[in-house]
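Trainee: My questions all concern the structure below.
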Amino acid sequence: VQLQASGGGMVQAGGSLRLSCAASGRTFSGHLMSWFRQAPGKERAFVGRINWSSGDTYYSESVKGRFTISRDNAKNTLYLQMDSLKPEDTAVYYCAAKRPSALTYDSWGQGTEVTVSS
């Protein structure tokens, strides 16, 4: 699966952005789809995930209640709706895919940059 992330940009604190992650090659069916982010000078961190088949979601505490992950089966696209953005959300955001039983993610998007100004 090839993943293409998009939708990043610059926004003021309190604003919103929606990131997209489009898949080519095959569908996400049966996969866990996750978003990660890497802030300047920090390690990559988990943001949240969705079970493509069931739609169940899980979020890190830092984004819970502000970010929403969803998917569009017809478009084979994953989304990350980010509301009430804070300067500390500034990072490069990555989408990734893996089978639930896998220990590591086998497909990664190229990253899309989000900058939140105060």
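The values are calculated or read from the model by the stated rules, or taken from the named source; none is laboratory data. Not measured: the values here are computed from a predicted model. Counting neighbours? That spans all protein chains shown, and the Cβs are built from the backbone with ideal geometry, glycine included. The accessibility values were calculated without ligands, DNA or RNA, using every heavy atom of the protein model including side chains. Shrake-Rupley method; radii C 1.70, N 1.55, O 1.52, S 1.80 Å.
Trainee: When you look at Glu43, is it over 20 Å from Trp108 (Cα atoms), among the acidic types (Asp, Glu), free of Cβ contacts under 8 Å to residues at least 40 places away in the same chain and surrounded by fewer than 21 Cβ atoms within 10 Å (Cβ to Cβ), yes or no? Lay out the reasoning, then the answer.
Mentor: Numbers: over 20 Å from Trp108 (Cα atoms): no; among the acidic types (Asp, Glu): yes; free of Cβ contacts under 8 Å to residues at least 40 places away in the same chain: yes; surrounded by fewer than 21 Cβ atoms within 10 Å (Cβ to Cβ): yes.
Answer is no for this residue.
Trainee: Are any residues in segment 85-103 more than 16 Å from the chain's Cα centre (by Cα) and among the polar types (S, T, N, Q), and if so, which ones?
Mentor: Ser101
Matching residues to (1) open to solvent by 20 Å² or more (accessible area, probe 1.4 Å); (2) among the acidic types (Asp, Glu):
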| residue | (1), (2) |
| --- | --- |
| Ser62 | yes, no |
| Leu85 | no, no |
| Glu113 | yes, yes |
| Ser118 | yes, no |
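Trainee: Wholly within segment 53-118, which strands (runs of 3 or more DSSP E) include no fewer than the required count, namely at least 3 residues that are closer than 19 Å to Ala23 by Cα and not acidic (Asp, Glu)?
Mentor: On the way: elements: 57-59, 67-72, 77-82, 91-98, 112-117.
Per the criteria, 67-72, 77-82, 91-98.
Trainee: So, one more: Any residue in segment 13-26 that's within 19 Å of Thr115 (Cβ to Cβ): show its pairings with residues that are open to solvent by 30 Å² or more (accessible area, probe 1.4 Å) and of a type in the set (Asp, Glu) at Cβ separation under 7 Å, as long as the two are six or more apart or on different chains.
Mentor: Ser16/Asp83
Trainee: On to the next question. Within the group Arg37, Arg66, which residue is more than 22 Å from Val1 (Cα to Cα), open to solvent by less than 70 Å² (accessible area, probe 1.4 Å), modelled with pLDDT of 95 or more and among the basic types (Lys, Arg)?
Mentor: Criteria check complete, one pass: Arg66.
Trainee: Could you tell me whether segment 95-108 includes any residue that is modelled with pLDDT of 95 or more, under 12 Å from Gly8 (Cα atoms) and open to solvent by less than 60 Å² (accessible area, probe 1.4 Å)?
Mentor: no
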